[in-house]
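> Got a structure here, written out as structure tokens. Questions coming.
What follows draws every value from the coordinates through simple rules; no lab data is involved. This is a predicted model, so every value here is computed, not measured. So basically every Cβ, Gly included, is an ideal-geometry build from the backbone, and we count neighbours across all protein chains shown.
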Amino acid sequence: MNSYKYMFQEYLRKWIRSFRTSRKISQEHMSEMIHVSPRSYFDQEHGKYGFSAISLISFLLLLTQEELMEFLDGYRSIAEEIAKGNLEAGKSENVA
């Protein structure tokens with residue numbers, strides 16, 4: 001279970017950062033968009049803490065339907081690889 005949790009947090013972190021940087025959104029503005037303090041957002045984006053369920057849902061609501069499906073399909077692929085034993089938790093290079 002921890003493998004899935006760790007990989008999901010890494011996957012989410014990379015998606016949120018990519019979303020923010022591709023749209024030229026500041027960390028402060030992104031923190032407002034997902035309803036956390038700027039300091040909390042910074043720590044979460046840099047892996048100090050994991051994103052909360054509220055932050056996750058707030059982020060998912062920012063995505064287009066196409067982006068949402070890409071996000072879900074991407075994580076499904078990771079989960080399948082973990083189940084097969086092909087990915088190890090703690091290896092951030094495993095996360096696309």
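> Rg/Rh for the chain: what does it come to with C-alpha atoms and Rh from Kirkwood? Walk me through the intermediate numbers first.
On the way: Rg = 13.3 Å, Rh = 13.7 Å.
With Rg and the Kirkwood Rh in hand, the quotient comes to 0.97.
> What is the dipole size for the range 2-90, taken about its Cα centre, with +1 at each Lys and Arg Cβ and -1 at each Asp and Glu Cβ, in debye to the nearest 20?
Numbers: 11 positive and 12 negative charges, 50 e Å.
Dipole magnitude for the range 2-90 comes out near 240 debye.
> So, one more: In the range 3-96, which chymotrypsin sites (Phe, Trp or Tyr not before Pro) are in a loop and have at most 15 other Cβ atoms within 10 Å, using DSSP for the loop call?
Tyr49
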